[in-house]
Amino acid sequence: MAPPGLSSHSILTGSGAAASGLPVLGAGEQVSQFQEVTVNNPNVVWQKPVVSRAMREQRNGHRAVTLWFTGLSGAGKSTLSHALEERLFSMGCNTFVFDGDNIRHGLCKDLGFSEHDRTENIRRIGEVAKLANAAGTIALTAFISPFRRDRDLVRASMPEGDFIEVYVKCSLEDCEQRDVKGLYKKARAGQIPDFTGISSPYEAPENPEVIIETAKQGIEESVDLLVAFCRARGIVA
């Protein structure tokens with residue numbers, strides 16, 4: 001059942017279990033925030049923090065989670081994530097938006113758009129989002145993240161309930177009509193290889209926590225729905 005104020009077509013509350021067949025972690029298996037992870041180098045030892053995540057969350061007055069916005073280019077992920085951040089920030093929350101284009105200016109500037117590089121891009125941002133959560137911050141990530149397996153791996157790497165998948169749903173036709181950055185036009189002309197939706201697939205979430213249909217719902221309504229979801233989940237007061 002959707003939380004009060006949310007229509008059933010706008011939100012799906014699933015089990016959040018990871019897909020089966022994932023390497024390293026079993027289906028639905030979760031790791032704790034500071035679980036020591038085995039690495040190849042025996043000289044690398046996990047340093048446990050003195051100031052815990054729970055202490056930070058208590059001081060902040062809200063839980064730290066990752067709101068993972070996924071969808072086609074032009075669906076409205078960046079616009080929606082920044083609008084939600086602005087609302088949460090005005091409510092006194094510690095927040096940060098990790099935007100796909102911005103990340104590729106620094107942390108992931110060595111990556112291209114092949115399937116391998118896209119997977120590595122998502123792995124890196126998943127690790128960064130976990131660090132943000134450990135710091136008591138609500139992380140909002142705006143990435144196409146086209147492959148379901150990559151998103152499931154990030155979910156499985158986080159404690160239960162930390163990964164909240166927000167499917168910013170918009171048809172390819174509507175996204176291509178918007179074409180704010182002119183990328184679809186270039187992709188259709190063959191100037192951009194491996195472009196999601198045109199020459200590379202997008203695998204829509206099968207059981208996201210939230211669905212926002214940007215062709216039907218405005219920014220304010222969408223933000224209201226997401227804030228209501230966060231309140232219903234006990235993330236914010």
- Item | Three-way shape call for region 87-203 based on the alpha-carbon gyration tensor, with the a/c threshold at 1.5 | prolate
- Does region 141-237 come out rounded, prolate or oblate by the C-alpha gyration tensor, with a ≥ b ≥ c the root eigenvalues, rounded set by a/c under 1.5 and, if not, prolate when a/b is larger than b/c and oblate if not? oblate
- Among residues other than Glu220 whose Cβ falls under 14 Å from its Cβ, what is the net charge (Lys/Arg +1, Asp/Glu -1)? -1
- Pick out, in residue order, every one of the trypsin sites (Lys or Arg not before Pro) in region 141-183 that is DSSP loop and has at most 15 other C-beta atoms within 10 Å; say none if there are none. Lys181
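Quick note: the coordinates plus some simple rules give every number you see, no bench work behind them. These figures come from a predicted structure and were not determined experimentally. Counting neighbours? That spans all protein chains shown, and the Cβs are built from the backbone with ideal geometry, glycine included.
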